[in-house]
Amino acid sequence: MTTIHLPPATYSNAESAAPEGFDAIFATPYPFSDHPSFPEGILKRALEDAGFSVGIIETPFWQRSDSFKILGKPRLFFAVISGPVDSVVLNYTSSRKRRMEDLYQLNGNAFFEGYPPSISYKIRPDRAVIVFSQRIRQAWGDIPVIIGGIESSLRLFAHYDFQQDAIRRSILLDSRADLLVTGPGEKQLVTAARLLKGGALIREITIPGTARICKETERPDDAAELPSYEEITTNPARLIEAHKTTLKAMGQGKALIQRYGNRIVASQPPERYSTGDLDHIYGLSYMRSNVMGGDMSPALRMNLFSVTSHRGCAGGCAFCSLNLQEGRRIISRSLDSVVSEVERLTHHKEWKGYISDIGGPSADMYGAECEGETCIRLSCLSPSRCPRFDLQRRYLGLLRECRSIKGVKKIFVGSGIRYDLLLHDPELLEEIMVHHCGSFLRIAPEHTEDHILRLMGKPPYKALEDFVRLFRSIRKAMKRKVELAPYLMVGHPGETERDVEEMKRKLFSLSLPTKDVQIFTPTPGTLSTAMYVAATDLTGRDIHVEKGLKALSIRRRMIASG
Ligand code: SF4
């Protein structure tokens, strides 16, 4: 017997469509969330605030290009937004196994409902931005296509793809998109919409925070040049130079170019956001639900009552992709703006008094400032704290103000916290332990061996020892029990089996639990991934890199308990 499956349904907000159609149409490989923690939610509200109408095609059946026709042709552009995580990172474990679940889909189900769990029926295809953009081209031909989100930012230039174990070229070439928005993107998308409405051609748009393919005569002035795609495929070790140059140019506010034969991928200097910009964007009206108003994805459920207080991370951890997306400078919202968002939450129909998070990439960096205009360091905190990094210590005041709001029972700090910064702020640590965590306080030392921590751009082991001591001295005086829960990583470039044995010994001597141990994932675009490919450190010195999945899994088991 043969079972015939009809194509899965493609959902949209067509019911609410204006009869005259939309200015812009977003395509997303997961259900749309009207929430400021989700890129599609915040970008839609930013465009609507500027007077543009936005249609949503969510979870299209991507095998067929007519799924991208259900809302008709947008007047200005299509935008492909693939969410807060790269699709390959989401679709595969660090052991290269295909995941059967996807936290961003309804009930976490990664496959179209009622269809076999095969790659053809996965709601989020691998390299979703490329697949969606190509289908839009097939459906509509020469229509403006803009791509954005973390997948696009990480794959803007030649990069390593761990699922294919290969160097891939820029996503702009493979997707055939016209414009790539780098970073969070609200200002860029609104500016692009205004220019297109005014009659500009998409291929002429050259604004900060965007990238496109151009000719030699169109390349930005004073751009830093990365090794070409051909140079990197011939010698993949040059990825280190490429990634370092990218991060330094971002810190200096410079444009970047990379050559592909006679074509150039050119990225304009990053767009700058201010406190006023963030206050305005987060002050817009969000329903905090999905567009269909029904079931929620686990990711939306977890973040339903979370609040973003700032963007950017000064840490510059080598394995993390956030500094490529949000940059290293901290841009914080004003206290009034965060407080008024919390007040609005208390009127949500599902409000029960609990906020799952107020923070950003690292919660305790709220309010931190840098006096410098430009910077070529890769981290504000590693190998030592930059003298121009001014922590300001405003996070404590923010938490106190928010928990005094009527109707707020408890605020959790769900974002990561930098324990090396908390060492200098025991008052904040005590406040978090007493008021803002459950039975565990999560920290991310990742490792214990200093030579690995240096490669990772993390604080030295001594900072962890000092922090554990401080934490326990505060806990002695507390009535309730709080434990530390460290995130740990094995398999980072440079690590040997002996390092793992040492890590096990040190964690045991500190009596720290070892439940959360992950194997290093070579995410596209990070410095750690470049070290993984090159098998050298950032200075070109040879390092050991373990790539065998069996050996990595043994390392994980050596540390992990429970
Ligand atoms: S604090 Fe220092 S390292 Fe960080 S951006 Fe400013 S100058 Fe650069």
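Can you give me the P(r) profile for segment 305-416? Cα pairs, bins 5 angstrom wide beginning at 0, each as a whole percent. Result, from short to long distances: 2, 12, 22, 22, 16, 11, 8, 5, 2, 0 percent. Here segment 305-416 carries DSSP beta bridges of which approximately 40% are antiparallel, counting only pairs with both residues inside. Label-to-label distance, residue 107 versus residue 285, with points set 7 angstrom from Cα along the beta-carbon direction: 3.3 nm. Shown for the chain: the carbon plus sulfur share of the solvent-accessible area, taken with all protein chains present and a 1.4 angstrom probe, equals 52%. Using C-alpha pairs under 8 Å with a sequence gap of at least 6, the mean separation divided by the residue count of segment 416-562 gives a relative contact order of 24 percent. Under the criterion of Cα pairs below 8 Å and six or more residues apart, the relative contact order for segment 11-212 equals 21 percent. R0 = 22 Å: FRET efficiency of residue 221 with residue 194, Cβ-based, nearest 0.05? So the FRET efficiency works out to roughly 0.40.
Specify whether the C-alpha gyration tensor of the chain places it in the rounded, prolate or oblate class, a ≥ b ≥ c being the square roots of the eigenvalues: rounded for a/c under 1.5, otherwise prolate if a/b is larger than b/c and oblate if not. Write out the running numbers ahead of the final one.
On the way: a/c = 1.43, a/b = 1.23, b/c = 1.17.
It is rounded, given that a/c, with a ≥ b ≥ c, falls under 1.5.
Rounded to the nearest 5, the antiparallel percentage of DSSP beta bridges internal to the chain is 45%. Per-residue ellipticity at 222 nm, computed for the chain from helices alone with -39500 (n - 2.57) per DSSP H run of at least four residues, works out to -9000 deg cm²/dmol. Extension gain for the segment residue 511 to residue 142, taken as residue separation times 0.36 nm less the Cα-Cα distance, is 126.7 nm to one decimal.
Out of segment 313-370, which GluC sites (Glu not before Pro) are coil in DSSP terms and have no more than 12 other C-beta atoms within 10 Å?
Details: sites: 326, 341, 343, 350, 369; in loops: 350.
Passing sites in segment 313-370 are 350.
One chain, two ends: residue 501 and residue 237. Fully extended at 0.36 nm per residue, the span grows by 92.1 nm beyond their Cα-Cα distance.
Loop-located trypsin sites (Lys or Arg not before Pro) in segment 43-93 (DSSP state not H, G, I, E or B) with no more than 15 neighbouring Cβ atoms inside 10 Å: 64.
Accessible surface calculations at 1.4 Å, restricted to protein heavy atoms, place the chain at 41 Å² per residue. Protection proxy ranking, highest mean first, for peptides 97-110, 151-164: 151-164, 97-110, where packing is the per-residue count of other beta-carbon atoms within 10 Å, averaged. To the nearest 10, the accessible area of residue 504 is 110 Å² with a 1.4 Å probe.
The alpha carbon centroids of segment 54-123 and segment 130-156 are separated by 13 Å. Rounded to the nearest 20 debye, the dipole size of the chain about its Cα centre is 1080 debye, using +1 on the Cβ of Lys and Arg and -1 on the Cβ of Asp and Glu. Taken along the Cα-to-beta-carbon direction at a fixed 7 Å, the label points for residue 244 and residue 470 span 3.2 nm.
The values are calculated or read from the model by the stated rules, or taken from the named source; none is laboratory data. Since we're looking at a predicted model, the values are computed, not measured. Note: ideal-geometry Cβ built from the backbone for every residue, glycine included; neighbour counts use all protein chains shown. What goes into the accessible areas is simple: the full protein's heavy atoms, side chains included, and nothing from ligands, DNA or RNA. Shrake-Rupley method; radii C 1.70, N 1.55, O 1.52, S 1.80 Å.
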